[in-house]
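Asker: Got a structure for you, questions after.
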Amino acid sequence: MRLYFVRGKARMWLVSWLEMGAWPMLLLPLAAAYSRRRSAMGPAARLILMDRFLFAAAAGIGVLMGLDNYFYVYGLGRLPVSTSALLIATQLAFTAGFAFLLVRQVFTSCSINSSNGANYAGFFMSLGAAALYGFVLPLVELTYKKAKQAVTYSLVLEIQLVMCFFATAFCTIGMLVNKDFQAIPREARSYELGEARYYVLLVWTAIINQFFFLGAIGVIFYASSLFSAVIIAALLPVTEILAVICFQEKFQAEKGVALALSLWGFASYFYGEFKLVKKEKEATAGTVIKPAETEMHQQGLP
């Protein structure tokens, strides 16, 4: 995404649109899931799993995601990618706070440790994007918890499709007002890397962002919004290294300290999870099963 801006282009709404614009990709796995349900259940299989509550919730979150995309892109367009990534990494602290308020996330000392962590407009927009994203992740988890139906991964895909559709619709309005659609051919012809590479960049930006968001909400489904935020923050070292290699950005001592804190938080979270799992295994191992009960279980008796 930063490559678009460093080559002289500045269409904020266009890049915001790309973050969720590849939502039609989700139709393929959803079609495969429906085909599988149809084979198992016959004509009784439902084409769409989500109810009205989930649809409304996903649509609302989608609009928030569209706004968050614009905040993020605005900051990315005005700040070095290494600086923008550090600011966005603060979403972990916001996620932790909102996860506690919305879904009553239980904290240990280790999970609390994992939450520490040039343009003024870009700075505050990036920080705003982190705060809003930190609110959206627990909101997605809350939506799962409040669902009045069984939440399967097929349903998660449907929710993502609706969220991405409404986020894209939100950014489409911005593009129409800003006349970005008309500007795309002109930008392509004048792009420093060439017209073909301009379109390749746009397409792959959309595809990679869709996979990223699919992974983020998938982790929420299988674990929690806090865990999803921890993994996103763990991407920071990769972003920092690539920023230095690809864009020759300076890596000051302050960024090194922030990076070290991020890695420490990531390690702290997983150490806490390791201790928790170990404690649960010890508790399970300490449970005594009577021989008679074992024999009945092996014979399939209640």
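Asker: What spacing in nm lies between the two simple spin-label points modelled at residue 48 and residue 264, each 7 Å away from Cα in the Cβ direction?
Answerer: About 5.0 nm, to one decimal.
Asker: Using a Förster distance of 35 angstrom, determine the FRET efficiency expected from the C-beta separation of residue 177 and residue 25, and round it to 0.05. Don't jump to the answer; show the numbers that get you there.
Answerer: Working: r = 27 Å, r/R0 = 0.76.
Efficiency for this residue pair is about 0.85.
Asker: Taking loop as defined by DSSP and a crowding limit of 14 other beta carbons within 10 Å, which trypsin sites (Lys or Arg not before Pro) in region 166-231 fit? Could the numbers behind the result be given before it?
Answerer: Details: sites: 179, 186, 189, 197; in loops: 179.
Here the sparse-neighbourhood loop sites are 179.
Asker: While we're on this one: With the Cα gyration tensor of region 2-84 giving a ≥ b ≥ c as the square roots of its eigenvalues, does the rule (a/c under 1.5 for rounded; else a/b larger than b/c for prolate; else oblate) give rounded, prolate or oblate? Mind dumping the intermediate values first?
Answerer: On the way: a/c = 4.37, a/b = 2.47, b/c = 1.77.
Here region 2-84 falls in the prolate category.
Asker: Here's another thing I want to ask about it. Which distance in nm do the two modelled labels at residue 101 and residue 208 give, with both placed 7 Å along the Cα-to-Cβ direction?
Answerer: 3.3
Asker: What FRET efficiency would be calculated for the residue pair residue 275, residue 150, taking the C-beta separation as r and a Förster radius of 35 Å, to the nearest 0.05? Mind dumping the intermediate values first?
Answerer: Numbers: r = 31 Å, r/R0 = 0.89.
Approximately 0.65, to the nearest 0.05.
Asker: Can you figure out the FRET efficiency of residue 169 with residue 241, using R₀ = 45 Å and their beta-carbon distance, to the nearest 0.05?
Answerer: Working: r = 35 Å, r/R0 = 0.79.
Taking R0 as 45 Å, the efficiency between residue 169 and residue 241 is 0.80.
Asker: A follow-up question, please. For region 45-50, in order, what is each residue's ³J(HN,Hα) by Karplus, 6.51 cos²θ - 1.76 cosθ + 1.60 with θ = phi - 60°, in whole Hz (x at glycine and Pro)?
Answerer: Each residue of region 45-50 in turn: 5, 7, 6, 10, 8, 6 Hz.
Every number here is computed from the coordinates shown, using simple stated rules; none is lab data. Here the structure is a predicted model, which is why all the values come from computation and not from measurement. Positions of Cβ are backbone-derived with ideal geometry, glycine not excepted, and every protein chain shown enters the neighbour counts.
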